[in-house]
Each structure stands twice: as structure tokens, then as C-alpha cells.
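Heads up: the structure comes next, in C-alpha cells.
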Amino acid sequence: MISEVWITEDCMNTLLTIAKHAHPNETLLLLRGKIRRGIAFVEEVLIPPPIYTSPSLIAINPYRLPIDFTIIGIAHSHPNG
């Protein structure tokens, strides 16, 4: 079980920049890193190819996502609340 998430300042800035650029549409990002002793360490942000994006929805094709066991999570924006 993951009890904490640590993210580098560079990754956090990347997340915020991409979300601001996508506004007013939603965005979804893949988080790459490691999980050690219940702590997720986010070290990189990846942009998957979206199929559809709007202010209230983002859709991706899971078959176009890489098979990559270092992807430990996602970040998803909700610009309208």
C-alpha cells in the first residue's frame, strides 16, 4: 500500500505548466517513478496521446499507452471544479 507520494519540484512544475496550457480542457498525464517501502517517488511526467479532450472529459486509448512498469500513476486535471 502506498502511504506517501513524493514528487520532484521539476515534475510538479511540469504538471502545472501542462495543465495551464491545456486549460480550459482537462488533461491526463502519466507519472513515472519508483515505489519503495510504501512511498511513491515521481521522477518523470509523460504525456499520452489523447483521443478526445474537452472542459469536462479526456479520453485516451489504452492500447496506445506504453507497456512500462515504471509508470506508477496518473495526474488528471479538472479545470472546471
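Quick grid of which residues meet (1) surrounded by 13 or more Cβ atoms within 10 Å (Cβ to Cβ); (2) in contact with a helix residue (DSSP H, G or I) (Cβ under 8 Å, 6 or more places away or on another chain):
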| site | (1), (2) |
| --- | --- |
| N13 | no, no |
| N25 | yes, no |
| K34 | no, no |
| V42 | yes, yes |
| P50 | yes, no |
| I60 | yes, no |
| Y63 | no, no |
| I71 | yes, no |
| H78 | no, no |
Query raised in the report: Out of the range 17-69, which residues are within 18 Å of I2 (Cβ to Cβ) and out of contact with any strand residue (DSSP E or B) (no Cβ under 9 Å at 6 or more places or on another chain)?
Result: R36, R37, F69
**Report entry** Leading residue by the ranking (modelled with the lowest pLDDT) among those in the range 70-80 that are under 23 Å from I7 (Cβ atoms) and not hydrophobic (A, V, I, L, M, F, W, C)
**Finding:** P79
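The values are calculated or read from the model by the stated rules, or taken from the named source; none is laboratory data. Owing to the predicted nature of the structure, the values given are computational and were not obtained by experimental measurement. When we count neighbours, we look across all protein chains shown, and the Cβ atoms used for this are built from the backbone with ideal geometry, even at glycine.
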